[in-house]
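None of the figures in this text is laboratory data; all of them are computed from the coordinates on show. Fair warning: this is a prediction, and the values are worked out from it, not measured in the lab. FYI the Cβ positions are ideal-geometry reconstructions off the backbone, even for glycines, and counts take in every protein chain you see.
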């Protein structure tokens, strides 16, 4: 029974984690509104400073070999403020599988009027998928679906995005993984190869001034990856003097998250989120943890038009 379970648990983890070649998902974060550059390359250079951010997500605490995701990103405007540059690295680990990669981004910003801008972004990079067969025990030892060796695949990635922004609101659309790259691990047996399907993301948010000190920011994140149904996140964040905030997020058919954050000396950001699982997996895990650390490297003179600061 134990050997049976190991095989089926592996398959389940691959599907649920979002790192499987069968239904490829990009890493997701409950605090998506704190680093929308990871979602949309057109965000690069939309704010009047360079910023670097590192995110760490520990999903489904209590489940052995549950997903672990790490990202490191940087983006900012060029001197003429018409173009932006950026890039990010990431590692997504689930049990014996690991997905590592990088993306570089370029954006161009067009002024529509004194308070509104529209940007267009392109991204390109490489993804490496790995399965360590030595960490998997199968019932049928002669099964060639996995081996005792490490299998690796390197594939290209590319995407684009658009971003309409004002100092009070923003709307963005992006489409990563447009190359539909084919992933093939094994050269014999029944090969579980597949393609990386294109993703389609829609994001938006608005900042309401409640008083001179308090601000309320609702935001949303809609995701579509064929043939899966449309998924969405909705968040509501309340901020005090643009420095301290408390937020709640609902992820459709997955979890509810609560997060807190603090902007220190207008340069350093620390934010933490905890997810309460709402699916049947809640019976087997203790929730998910997410930590984001950010730093603003350099601040130019404020732009006439700048995307809302997300801290």
Note to self: Roughly how far apart, in whole Å, are the Cα centres of segment 201-218 and segment 109-132?
What the structure shows: 23
Checklist line | Per-peptide average of other Cβ atoms within 10 Å, ordering 227-239, 54-66 highest first | finding: 54-66, 227-239
Next item on the list: For segment 43-127, just say rounded, prolate or oblate: build the C-alpha gyration tensor, square-root its eigenvalues into a ≥ b ≥ c, call rounded for a/c under 1.5, and beyond that prolate if a/b exceeds b/c, oblate if not.
Entry: prolate
